[in-house]
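What follows is a short report on a single structure.
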Amino acid sequence: MNRVLAVHADRKPSRQAYLIVLGTLCVLAAPHLGLPMFLYPIFGLGLCTVMLRYRRLGWADVGFRWRAFGIVPLIVGGALGVIYAAINYSVIGPALFRLLGERPDLTDFAFVRDHLSGYVIALVMAWLIGGFYEELVFRGFLHDAFLRHLRVSSFRPLLAFALTALIFAAYHWQLGRFGVANALVFALFAAAIRSRWPANLWYVISFHACADMSAFTLMRLGYL
């Protein structure tokens with residue numbers, strides 16, 4: 001595996017690399033260009049699948065396998081997600097408020113507070129979009145692409161995590177400065193989980209989904 005990564009990293013940017021960059025930009029831009037919520041995950045995962053196959057790879061090569069799902073990744077990742085949500089609510093959020101002087105813009109999630117059905121939909125979204133879609137795209141596809149194409153050095157894994165985290169934060173620009181900063185902090189925690197279980201994305205998928213579910217529950221109860 002290391003030899004394969006080294007060969008890719010030592011090559012000059014190729015037509016393949018430029019196509020991967022273009023495709024990735026399309027995936028990241030899709031949610032912000034008016035594509036319906038139920039459609040852009042299909043578009044994004046479909047395009048990522050095409051780009052993986054173009055490089056003669058599959059989702060298993062970036063850490064995702066259906067058969068790797070199990071009770072242990074669900075419980076461990078989920079518990080870490082709930083713990084993170086508690087830390088975010090009690091420590092990270094207040095610290096960002098003092099630093100930035102603004103509170104999170106949650107107007108897009110008013111439906112969670114106003115309607116029980118909206119809350120239920122948000123919980124489903126936490127798994128399908130937050131956990132499954134975003135983790136496959138960011139901690140799966142994008143992180144792996146950085147590992148394969150960055151120049152070989154002892155800092156490459158750290159740089160891959162850092163670049164993925166920065167792009168993940170920028171992806172949430174519509175949530176304002178607070179939302180971007182909060183997404184960056186979240187991405188660093190997600191990177192740690194991805195690093196601890198690199199061969200099984202279900203841990204970080206469960207972490208992300210349960211962190212989002214906890215946040216939606218806090219919104220529903222009026223704490224956010």
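No value in this document is a laboratory result; all are computed from the given coordinates. Fair warning: this is a prediction, and the values are worked out from it, not measured in the lab. Please note: Cβ atoms are built from the backbone with ideal geometry, for glycine as well, and neighbour counts cover all protein chains shown.
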Check: Here are some values of Cα extents along the principal axes in Å: (i) 82, 45, 36; (ii) 75, 42, 26; (iii) 52, 37, 34. Which one was computed from this structure?
Finding: (iii)
Next item on the list: Could you tell me the distance between the Cα centroids of the stretch 88-160 and the stretch 182-224, to the nearest Å?
Entry: 7 Å
Next item on the list: List the relative contact order of the stretch 2-220 as a percent without decimals, with contacts defined as Cα pairs under 8 Å and 6+ residues apart.
Entry: 35 percent
Notebook entry, point to check: In debye to the nearest 20, how big a dipole does the stretch 2-220 give about its Cα centre with +1 on each Lys and Arg Cβ and -1 on each Asp and Glu Cβ?
Noted result: 880 debye
Checklist line | Expected 222 nm ellipticity per residue - DSSP helices of 4 or more, -39500 (n - 2.57), all of the chain, to 500 | finding: -20000 deg cm²/dmol
Item checked: Protection-proxy order for peptides 34-42, 69-77, 206-214, 188-196, each taking the mean of Cβ atoms within 10 Å per residue, highest first -> 206-214, 188-196, 69-77, 34-42
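Can you tell me the FRET efficiency between residue 188 and residue 152 if r is taken as the Cβ-Cβ distance and R0 is 25 Å, rounded to the nearest 0.05?
Numbers: r = 24 Å, r/R0 = 0.95.
That gives a FRET efficiency of 0.60.
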